[in-house]
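Rule-based calculations on the coordinates, nothing more; no lab input. On a predicted model such as this, the values are computed, not experimentally measured, just so you know. Cβ atoms come from the backbone with ideal geometry, glycine included; neighbour counts cover every protein chain shown.
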Amino acid sequence: MSEDNARIARQTFERICARDIDALLELYDPEIEFLPLTGTLVESGGYVGHQGVRDYFDEAEEVWELMQPHADHVQTVGDEVLVVGGCAVRGRGSGARSDNPMAWVLTLRDGKVIHHRGFATADEAFEAAGLAP
């Protein structure tokens, strides 16, 4: 099970990088709770459901010409997958590039991601997953 969860987590990153949101949603539960670090709904609880995820990526498309999260380290903890990596972006208007460290915790149930949350640091993600950094 943990290997399957890790594989699914990696696939979410591959599909986001490919901007294949239809394929991404195949991995997400219809009631997914999607909590990225940025976006208009982050402060109010994030994006919920498949339409919420679509809305987020529509917003991101307006801002980022390139958005490629990368999973450099993947560790499973029960139903959760801790991912440490970063996100390479290029601004649509400015062309400015960055690749900031990030981490994520994905929670899976019955082979589907039910919760996907981004963190600014690996320590925050470790804490959220109940692990000491």
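Each label was represented as a point 7 Å from its Cα along the Cα-to-Cβ direction; for residue 68 and residue 112 these points are 3.1 nm apart. Each residue, residue 17 and residue 37, gets one label point 7 Å from its Cα in the Cβ direction; the gap between the two is 1.8 nm.
For the chain, list log₁₀ I(q)/I(0) at each q in 0.21 Å⁻¹, using the Debye formula over Cα point scatterers of equal strength and ignoring solvent, two decimals each. Each listed q maps to, in turn, -1.36. Counting only alpha carbon atoms, the long axis of helix 2-17 and the longest principal axis of the chain meet at about 0°. What number, in percent, do you get for the relative contact order of the chain if the mean sequence gap of Cα pairs under 8 Å and at least 6 apart is divided by its residue count? The value is 24 percent. Each Lys and Arg adds +1 at its Cβ and each Asp and Glu adds -1 at its Cβ; summed about the Cα centre, the range 1-98 shows a dipole of about 500 debye.
Sparse packing (at most 11 other Cβ atoms within 10 Å of the Cβ) combined with a DSSP loop state is found for the following GluC sites (Glu not before Pro) in the range 1-90: 43.
For the range 4-34, backbone nitrogen atoms closer than 11 Å to the point 7 Å from residue 77 Cα along Cα-to-C-beta are found at no residue.
Any chance you could give the angle, 0 to 90 degrees and rounded to 10, that helix 49-63 forms with the longest Cα principal axis of the chain? For helix 49-63, the angle is close to 40 degrees.
At 0.36 nm per residue, minus the direct Cα-Cα distance, what do residue 99 and residue 127 gain on full extension? Give it in nm, one decimal, please. Don't skip to the end; give the middle numbers.
Numbers: separation 28, 0.36 × 28 = 10.08 nm, distance 2.29 nm.
Here the segment from residue 99 to residue 127 would lengthen by 7.8 nm.
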